[in-house]
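Q: Questions regarding the structure given below will be posed in turn.
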């Protein structure tokens, strides 16, 4: 068994962190011997003599582990993070809730990360698109439909002159259906 050593060896001997030994050296609670080594027996005596019992009991109280309250519902593992979040009482669509415990905060963080990852994946797959892109595409499609329908009168006027009313109606309906079919079949698809 060693009787002296460096900071790491003394921390291991004492069963505490290296930082605690460094703090004890810095505050003068323990001292190094000749050659800069710490003599374990002398340091143990100095540590006991120079340690404030009230402060050490306070730190012991602070180191208690925090567990989730017994009534805190932990959801079963689910592939759908929204379902898991709602099962735990976390409203995904609403504002961020006030979280009462560390476990609830960790669950909320995990749910947010899972939802963000899911949204990214769906966007990469092309399932989700940005609202601004959809609005721009809808506007462009509506503008093209309007333009095609307004141009019908110029295209059909020379052809319709002198036809019967039923023939005019049939011709107009056929041309309108043709425009709608072009727009619906991708002829009106907006290029990005």
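Q: Pick out, from the stretch 41-142, the helices (runs of 4 or more DSSP H) lying fully within it that include 2 or more residues that are modelled with pLDDT under 65.
A: 53-62, 81-87
Q: Restricting to the stretch 21-45, give me the number of residues that are within 48 Å of the chain's Cα centre (by Cα) and surrounded by 15 or more Cβ atoms within 10 Å (Cβ to Cβ).
A: 5
The values are calculated or read from the model by the stated rules, or taken from the named source; none is laboratory data. Everything numeric here is computed off the predicted structure, so don't read it as measured data. So basically every Cβ, Gly included, is an ideal-geometry build from the backbone, and we count neighbours across all protein chains shown.
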